[in-house]
Amino acid sequence: MLTKERKLRIMNLLEERSFVTIKELIEDFNVSRSSIVRDLIELENQGLIQRERGGASLKSVDITLTSFNEPAVQEKENLHIAQKQRICKEAAKSIRDGDCVYIDSGTTPVYLLDYLQDKKITLVTPSTFLIRKLSANFKGDIYLLGGQFNKSYDMSYGSLTLEMIRQFYFDHAFLSTNGVDLETKEVYVFDFKVGAVKNEIMSRCKRTDLLIDASKFETRAMCTWANLDDFHTVYTDSIKEGIEPLENFVICEKE
């Protein structure tokens, strides 16, 4: 088993159990203790987990994401897949032929592509990750935003990106984010430059929707870039029992 695959499976186990022991991981993967410890150190350095005595748990909600501990896009690609699919299936229903649509960077919006193959739209994105996922059968026009490119974030940002955004007016934008505070309604992102791109998109758009799986309610990041009330619709897969969702929330539950 490749190291990358093993780390992904460790994250999946933690999603299920919240805590796993080193002994369990050695037995599950049939590898040495040193290999498991090395994997856990790398995952901790990426801000995804906390190493504890004898094992590891998912990262504390007290950790604030910044550009120094935000995991690379590729590290998050296979997390919460079913939830992201449900969210994007519902969100895509609002897209119409002829729309100019902005699709944000990140691993959640990319699942919109499954529902856009037959749509005749203009698609705009800063994400090469998303472009690589596009089917050859996609019928619309594609604009890839330029500017300063960050390989880890897999997107463009900065002054040149903002200037290019100002050449468009969007019918619809689908945005992702790192975290949300349901009490203050603040929407967080790990980097001010990334937040600036999202802000500029919102100022140039008729309808803006936020796509977030429930894990985002447990995450804080350095920069506040929006308020939940700013969005036409907030699509998510679930919300904690006892918490009343806002009027603009759509809960995309299992069918």
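A few points about this structure:
- Ratio of Rg to Rh over the stretch 205-255 (Cα coordinates, Kirkwood Rh, two decimals): 0.96
- Within the full protein context, the accessible area of Met222 is estimated at about 90 Å² for a probe radius of 1.4 Å.
- Computed over the alpha-carbon pairs of the chain, the distance histogram in 10 Å steps reads 7, 30, 35, 20, 7, 1 percent, short to long.
- Euclidean distance of C-alpha centroids, the stretch 84-126 and the stretch 11-38, integer Å: 36
- Gaussian network model of the chain, Cα within-10 Å springs - most flexible of Asp28, Asp237, Asp154: Asp28
- Checking every one of the chymotrypsin sites (Phe, Trp or Tyr not before Pro) in the stretch 110-215 against DSSP loop status and a limit of 14 other Cβ atoms within 10 Å picks out Tyr169.
- Positive-end residue, the chain charge dipole about Cα centroid, Cβ charges, pick of Phe129, Ile212, Gln85: Phe129
- Average accessible surface area per residue within the chain, 1.4 Å rolling probe, Å²: 49
- Gaussian network model of the chain, springs between alpha carbon atoms under 10 Å - residue of Ile201, Ile26, Ile95 with greatest fluctuation: Ile26
- Summing +1 for each Lys or Arg and -1 for each Asp or Glu among the other residues whose beta-carbon sits under 11 angstrom from that of Trp225 gives -2.
- Carbon and sulfur %, accessible surface of the chain computed with the full protein complex present, 1.4 Å: 47
- Listed residues Ile26, Ala226, Tyr169: farthest to the positive end of the dipole of the chain (Cβ charges): Ile26
- Given a 1.4 Å probe and the protein chains as shown, Ile131 ends up with an accessible area of around 50 Å².
The values are calculated or read from the model by the stated rules, or taken from the named source; none is laboratory data. All values reported here derive from a predicted model rather than from experimental measurement. Cβ atoms come from the backbone with ideal geometry, glycine included; neighbour counts cover every protein chain shown. Accessible surface areas use protein heavy atoms only, side chains included; no ligands, DNA or RNA. Shrake-Rupley method; radii C 1.70, N 1.55, O 1.52, S 1.80 Å.
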